[in-house]
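First up is the structure itself, then whatever we jot down about it.
The values are calculated or read from the model by the stated rules, or taken from the named source; none is laboratory data. As the structure is a prediction and not an experimental result, all values here were calculated from the model. Here Cβ is always computed from backbone atoms with ideal geometry, including for glycine, and neighbour counts include all displayed protein chains.
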Amino acid sequence: MSTRDKQSEVLVKDAKQVFRKLGTCSRTFFYLLNREFGTSLEAEERASDLLAGGIMKKGYQCGMLWGASLAVGAEAYKVCAHRSQAIAVSIEATRILMDSFETHESTTQCREITKCNFENKLSFAKYMISGRFLHCYQLAQDWAPEAVKKAKKAIQDKPFDFEHAVSCATEVAQKMGASEKEMVLVAGFAGGLGLSGSGCGALSAALWMNALSWCKEHKSGSGTDDPKAEELMRAFKVFTDEKYLCQDISQTQFNSVKEHTQYIKNGGCRELIEELSEV
């Protein structure tokens, strides 16, 4: 084992403490992986708070996965030769992290993990009083070393040089005025996060972009403080007839970066992407 690998194993042993300090699972894993990659993205990490609880407490994909995906996007941006490759690497690395997490926990869904509806005050009180929240701390502690290892390997391997890779999340971010780097950060959200078909990645990208703008203007505070978030969620619900899952909205299950790219290039979710970027 190399000296750096040994150092990484020591560093990620503090996941529980970091979680307690930062307050959300999404920011915790964005920060932990950024730290391992030698990256500092304070505003971007704060913006990720509203993805905790499975996208604004909706119970979809665990915030640890959204945060980890943003971090591998940041690293892919640094190491890949061009945007298309970085997008493909981000999506595939996110898919690998999703598989790893599901193997460890048997589900990727926040509500199934926590047994809590965070939008319901009584359910949240039960979550805290029963001590179920401790399971989330322990999950972070247990999975963090493997998440770091999987993320590093996926980025280092870089087997994907798909010339014209596209991500629905990147398309939304671009229309919202994102920088090249920000566009790649959200790339792994594609197809319901790592092509999983779950909670909409385009929605999450739009939420994060708005929260990031707020965090850049405010030196303290959380992405959850962004006043535009609820307005965006309402517009999304109306547009999709309250469908949140990528597979329900797109009527498609993506099996590869190439399939997702072709879907977007053929006009898939075009109107939704436009709607999200204009709210």
Single unsatisfied condition, MET233 versus (1) more than 15 Å from VAL279 (Cβ to Cβ); (2) surrounded by 15 or more Cβ atoms within 10 Å (Cβ to Cβ); (3) not hydroxyl-bearing (Ser, Thr, Tyr): (1)
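Could you say whether any residue in the range 80-99 is small (Gly, Ala, Ser), within 20 Å of PHE19 (Cα to Cα) and assigned to a helix (DSSP H, G or I)?
For the range 80-99, residues small (Gly, Ala, Ser), within 20 Å of PHE19 (Cα to Cα) and assigned to a helix (DSSP H, G or I): absent.
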Failed condition for ALA206, given (1) buried (at least 24 other Cβ atoms within 10 Å of the Cβ); (2) in a loop (DSSP other than H, G, I, E, B); (3) of a type in the set (Gly, Ala, Ser): (2)
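For residues that are acidic (Asp, Glu) and in contact with a helix residue (DSSP H, G or I) (Cβ under 9 Å, 6 or more places away or on another chain), scanning just the range 243-279, find the one that is surrounded by the most Cβ atoms within 10 Å (Cβ to Cβ). If you could, list the steps in order and put the result at the bottom.
Step one: of the range 243-279, the residues acidic (Asp, Glu) are 248, 259, 271, 274-275, 278.
With in contact with a helix residue (DSSP H, G or I) (Cβ under 9 Å, 6 or more places away or on another chain) added as a condition, the list becomes 248, 271, 274-275, 278.
Working: ASP248: 16, GLU271: 10, GLU274: 13, GLU275: 19, GLU278: 10.
Looking at residues that are acidic (Asp, Glu) and in contact with a helix residue (DSSP H, G or I) (Cβ under 9 Å, 6 or more places away or on another chain), I get GLU275.
Is it true that ALA154 is among the small types (Gly, Ala, Ser), crowded, with 23+ Cβ neighbours inside 10 Å, modelled with pLDDT under 95 and assigned to a helix (DSSP H, G or I)? Full working, then the answer.
Working: among the small types (Gly, Ala, Ser): yes; crowded, with 23+ Cβ neighbours inside 10 Å: yes; modelled with pLDDT under 95: yes; assigned to a helix (DSSP H, G or I): yes.
Yes, satisfied.
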For ALA140: the one exception among (1) among the aliphatic types (A, V, I, L, M); (2) under 20 Å from LEU50 (Cβ atoms); (3) modelled with pLDDT under 95: (3)
Test: residue in the range 57-76 that is surrounded by fewer than 19 Cβ atoms within 10 Å (Cβ to Cβ), assigned to a helix (DSSP H, G or I), in contact with a helix residue (DSSP H, G or I) (Cβ under 7 Å, 6 or more places away or on another chain) and not hydrophobic (A, V, I, L, M, F, W, C): no
In the range 220-230, residue surrounded by the most Cβ atoms within 10 Å (Cβ to Cβ) [restricted to those that are without any contact (Cβ under 8 Å) to a residue 12 or more places away in the chain and in a helix (DSSP H, G or I)]: ASP225
Filter result for ILE113 (over 14 Å from the mean Cα position of the chain (by Cα), among the hydrophobic types (A, V, I, L, M, F, W, C) and either under 19 Å from GLY194 (Cβ atoms) or outside any loop (DSSP other than H, G, I, E, B) (or both)): yes
